[in-house]
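The values are calculated or read from the model by the stated rules, or taken from the named source; none is laboratory data. Values in this document were obtained by computation on a predicted structure and should not be read as measured data. Backbone-built Cβ (ideal geometry, glycine too); neighbour counts: all protein chains shown. When the accessible area is computed, the model is the full protein with side chains, heavy atoms only, and any ligands, DNA or RNA have been set aside. Shrake-Rupley method; radii C 1.70, N 1.55, O 1.52, S 1.80 Å.
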Amino acid sequence: MERATFAEYEAAKLEIIKGREYKEYTDMDEYGRNHKTFCCKDGSTFWEITENGVTEFWSTKHSESRKYVAEAPKEEPKNAEERKKVYTRLCKWLYWFADEMFNEEERGEKAQAEFEKECRENPGKQVMYIDTSTNNARVMKTCMKETRDAINFIRNPENDIEDWQLAGITAMLDKCNETGTVPYDIPTAIKGLLCMHILCEEK
């Protein structure tokens, strides 16, 4: 039997009943299967039988039956609420790193412009130019990527994350808030706490 998507199932049904007057009949047989029949006034009919999330359907226009399998709703992890809290806090860190990166890039552009201006105005003078903004921006970009990786890992319900791991990340972030510091290696440390260096390599 050919397999169909939900959209194809809906399209096949609408092909029969859309714009037509019809009646819907529902019944359940002795095996617990749900039968539905959509009978139109002009004789067009659509049939479907559903059992355990699988719906077989056909019509007077397409006599060969097809089936679609309804996707089972994904269960939320038992610690979904705590994962959401950590995820939200890391999103704020991601913004902070992005803001710092743009600030460093803008600082570098300004310093470069001032250096070029000084060179033009004093052609015979040796001008020293030392700027760390390019490397700082690169560091911020790396922090953004590492934080984004951790966020995507946490938000994916298929990834198994223990309560102690979430508690560890929360404690790290709390300590940073308490001391008023942002260690640039903390996103990598968080990925390590989540064992991403092992799990993601396996995938």
Inset, instruction - Express the C-alpha Rg of the range 49-157 as a ratio against the empirical globular expectation 2.2 N^0.38 Å, rounded to two decimals. - result: 2.17
Legend entry - For the range 3-86, the Rg and Dmax computed from alpha carbons only, in angstrom: 17.5, 59
Inset, instruction - Kindly provide the chymotrypsin sites (Phe, Trp or Tyr not before Pro) of the range 65-163 that DSSP labels as loop, not H, G, I, E or B, and whose Cβ sees at most 12 other Cβ atoms within 10 Å. - result: Y129
Inset, instruction - Over the chain, give the accessible area per residue in Å² for a 1.4 Å probe, as an integer. - result: 69
Inset, instruction - Would you calculate, for the chain, the mean residue ellipticity at 222 nm contributed by helices, counting each DSSP H stretch of 4 or more residues as -39,500 (n - 2.57) and dividing by all residues, to the nearest 500? - result: -18000 deg cm²/dmol
Legend entry - Near-label residues of the range 129-146 by backbone N, under 19 Å of a point 7 Å along Cα→Cβ of M172: 139-146
Inset, instruction - Could you tell me which of the pairs K92/K141; K13/K41; K141/K191; K41/K61; K74/K145 are separated by over 18 angstrom between their Cα atoms in the structure shown? - result: K74/K145
Legend entry - Sparsely packed trypsin sites (Lys or Arg not before Pro) within the range 45-114, loop by DSSP, other Cβ within 10 Å at most 15: K61, K74, K78
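I'd like the carbon and sulfur percentage of the solvent accessible area for the chain, probe radius 1.4 Å, heavy atoms only, ligands and nucleic acids excluded.
51
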Inset, instruction - For the range 101-203, just the Cα set please: Rg and Dmax, both in angstrom. - result: 20.2, 65
Legend entry - Estimated FRET transfer efficiency (E81, N122; beta-carbon r; R0 41 Å; 0.05): 0.05
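Return the percentage of antiparallel bridges among DSSP beta bridges fully within the chain, rounded to the nearest 5 %.
For the chain, the DSSP antiparallel bridge percentage is about 90.
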Legend entry - Principal-axis tilt of helix 133-155 within the chain, Cα atoms, nearest 10 degrees: 30
Inset, instruction - For the range 26-82, run through the GluC sites (Glu not before Pro) and keep only the ones in DSSP coil with at most 13 other Cβ atoms within 10 Å of their Cβ. - result: E30, E64, E71, E75
Legend entry - Vicinal HN-Hα couplings computed from phi for the range 160-165 (Karplus, 6.51 cos²θ - 1.76 cosθ + 1.60; Hz; Gly/Pro x): 7, 10, 7, 4, 5, 5
Legend entry - Long-range Cα-Cα pairs in the chain (distance over 27 Å), rounded percent: 61
